[in-house]
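For reference, the structure discussed in these notes is given below.
The values are calculated or read from the model by the stated rules, or taken from the named source; none is laboratory data. These numbers were taken from a predicted model, which means no experiment stands behind them. So basically every Cβ, Gly included, is an ideal-geometry build from the backbone, and we count neighbours across all protein chains shown.
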Amino acid sequence: MERILDTTLREGEQTPTVFFRPEEKCRIAEMLYKTLGPKGYIEIGQPYSPKYREGVESIVKHFKERGYNDAKLLGHCRTLEKDVDIVYECGTWGVVVLLAPSEKHLLYKLDKMPYKKALEIIAAVVSYAKDKIGFEFVTYGMEDATSLSIEKAIEVGKVAKNAGADVLRVPDSKGQTDFDTYRNIISRIVKEVKMPVDVHTHNDRGMAVANTIAGLKAGATGVHVCVNSLGERTGIADLVTVLDNLEDFYGVDTEVNLKLIPELYNYVAAVSGIPIHPSHPIIGRFARTHKAAQHQKAVLASPDTYEAVNFQKYGLERLFEFGAMQSKQLIYKMLKGYDVPDQIKNKIVERIRDVSMSTGRGLRQVEVYKIIKEESGISLSYSDE
């Protein structure tokens with residue numbers, strides 16, 4: 001894998017209800033730059049829309065002021081020369097030009113544009129961006145690629161390549177494919193177009209991460225992700241989920257600074273208004289919380305009995321729920337080194353269970369510490385646990 005393209009600031013801002021202020025965009029972009037490392041590409045918006053141009057210009061200025069001269073910032077635009085001009089004026093390193101050559105998009109979105117005319121426009125605008133304007137990096141995005149026949153997808157890809165595109169983006173724009181289908185599409189395109197391919201998969205059927213990995217296994221060399229799986233409708237492939245699976249299952253050295261991911265996710269959640277779901281893989285609170293007594297007992301003895309993810313590499317800690325399913329082993333561990341009889345420890349466990357049952361919830365740590373103090377006389381601090 002050669003590219004990790006994060007599009008939180010473009011695709012992510014297309015999430016319903018989400019709008020980032022320019023200063024928020026600058027901070028997100030800087031956090032992404034520091035997190036993603038040398039393979040990182042950051043799509044920072046679509047400045048052809050006047051209301052969004054300020055955000056793109058603010059990020060470019062912010063990066064210049066801080067000397068982030070190696071940052072790969074990309075502007076996104078329609079396949080129009082005037083749009084390419086605007087992206088160039090904003091000062092991004094690269095440009096993404098997008099045109100959907102599928103039948104329904106040509107008919108209903110592009111006002112009955114003939115397919116052959118679409119090919120001509122793609123060739124002309126890609127060439128304009130690469131040869132006349134002189135962008136160092138030009139991507140052509142074949143929107144709704146999975147609605148095309150494979151023969152047309154290959155034809156469109158070759159047109160973009162011959163016009164000078166550096167990368168061909170092959171989106172599953174409606175999230176309509178499964179991993180076998182998407183893998184076959186990417187495999188054919190890679191084999192016959194013979195140019196670098198990026199995968200961009202939507203999550204309408206919950207297949208985005210699986211399809212992304214299938215595309216990479218089929219020969220794609222770039223992956224598109226968003227923080228917290230933001231994006232149109234149900235979003236696209238999630239940044240941390242894709243990275244963790246690539247590293248652990250396939251031995252890919254992503255070169256990402258994983259320790260910075262929790263801060264990045266928390267900030268994007270705060271300014272987007274879209275919270276991190278507690279059951280979110282890898283980063284969600286429930287993903288590392290053990291509730292059932294037998295689970296707690298097993299994990300305390302050997303974490304890999306119920307954990308497949310190494311949370312420590314993200315700077316995160318294992319959590320336990322104190323409540324009706326409370327294990328006695330957890331309290332025994334907390335009081336290890338203190339002279340507390342087993343009878344008192346067991347009483348603490350029962351009190352936690354009783355309070356949980358009567359209130360219908362798990363207990364907060366401060367409540368647990370209060371019970372321990374009342375039953376044993378021991379005052380625990382947060383550093384004691």
Among the residues that make up region 169-177, is at least one of them touching a Gly at 6+ places or on another chain (Cβ under 8 Å), closer than 24 Å to residue 240 by Cβ and of a type in the set (Asp, Glu)? no
Flagged pairs (Cβ under 6 angstrom, 6 or more apart or on separate chains; first in region 163-188, more than 16 Å from residue 225 (Cβ to Cβ) and free of Cβ contacts under 8 Å to residues at least 40 places away in the same chain; second polar (S, T, N, Q) and surrounded by fewer than 21 Cβ atoms within 10 Å (Cβ to Cβ)) are 164/127
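A quick yes/no check of all residues on (1) surrounded by fewer than 24 Cβ atoms within 10 Å (Cβ to Cβ); (2) of a type in the set (S, T, N, Q); (3) more than 19 Å from residue 241 (Cα to Cα); (4) modelled with pLDDT under 95:
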site	(1), (2), (3), (4)
194	yes, no, yes, no
201	no, yes, no, no
204	yes, no, no, no
212	no, yes, no, no
223	no, no, no, no
Among 294, 343, 329, 312, the single one that is in contact with a helix residue (DSSP H, G or I) (Cβ under 7 Å, 6 or more places away or on another chain) and outside the structural domain of residue 245 (by TED's automatic domain parsing) is 329
Criterion first (of a type in the set (A, V, I, L, M, F, W, C), more than 26 Å from residue 201 (Cβ to Cβ) and touching a residue at least 40 places away in the same chain (Cβ under 8 Å)) does residue 90 satisfy it?
yes
*Return a yes/no flag: does region 48-55 have any residue that is closer than 21 Å to residue 158 by Cα, of a type in the set (Ser, Thr, Tyr), crowded, with 20+ Cβ neighbours inside 10 Å and touching a helix residue (DSSP H, G or I) at 6+ places or on another chain (Cβ under 9 Å).*
no
Within region 196-227, residues being within 16 Å of residue 1 (Cα to Cα) and either part of a loop (DSSP other than H, G, I, E, B) or touching a Cys at 6+ places or on another chain (Cβ under 9 Å) (or both) number 5
Of 88, 128, the only residue that is touching a helix residue (DSSP H, G or I) at 6+ places or on another chain (Cβ under 7 Å), assigned by TED's automatic domain parsing to the domain that holds residue 201 and surrounded by 20 or more Cβ atoms within 10 Å (Cβ to Cβ) is 128
Checking 297, 259, 347 in turn, the sole residue that is modelled with pLDDT of 95 or more, of a type outside the set (Phe, Trp, Tyr) and exposed (fewer than 15 other Cβ atoms within 10 Å of the Cβ) turns out to be 259
Problem - Test result for residue 336, without any contact (Cβ under 8 Å) to a residue 24 or more places away in the chain and among the basic types (Lys, Arg) - result: yes
Within region 252-277, residues under 19 Å from residue 15 (Cα atoms) and in a loop (DSSP other than H, G, I, E, B) come out as 273, 274, 275, 276, 277
**Q.** So residue 140, is it at pLDDT 95 or above, surrounded by fewer than 22 Cβ atoms within 10 Å (Cβ to Cβ) and of a type in the set (Ser, Thr, Tyr)
**A.** no
Requested in this report: Take residue 279 and decide whether it is under 17 Å from residue 244 (Cβ atoms), among the polar types (S, T, N, Q) and outside the structural domain of residue 226 (by TED's automatic domain parsing).
Outcome: yes
*Condition check for residue 379: assigned to a helix (DSSP H, G or I), over 33 Å from the mean Cα position of the chain (by Cα), over 27 Å from residue 257 (Cβ atoms) and of a type in the set (Ser, Thr, Tyr)*: no
If you go through 329, 343, 312, the only one that is within 29 Å of residue 240 (Cα to Cα), of a type outside the set (A, V, I, L, M) and in a helix (DSSP H, G or I) is 312
Scanning region 287-309 residue by residue, the ones that are part of a helix (DSSP H, G or I) and under 26 Å from residue 36 (Cβ atoms) total 2
Q.
Looking for something among the polar types (S, T, N, Q) and modelled with pLDDT of 95 or more - is there at least one such residue anywhere in region 360-373?
A. no
Exactly one of 45, 37 is among the small types (Gly, Ala, Ser) and surrounded by fewer than 20 Cβ atoms within 10 Å (Cβ to Cβ), and that one is 37
Scanning region 127-158 residue by residue, those touching a Lys or Arg at 6+ places or on another chain (Cβ under 6 Å) and not in a helix (DSSP H, G or I) turn out to be 138, 139, 141
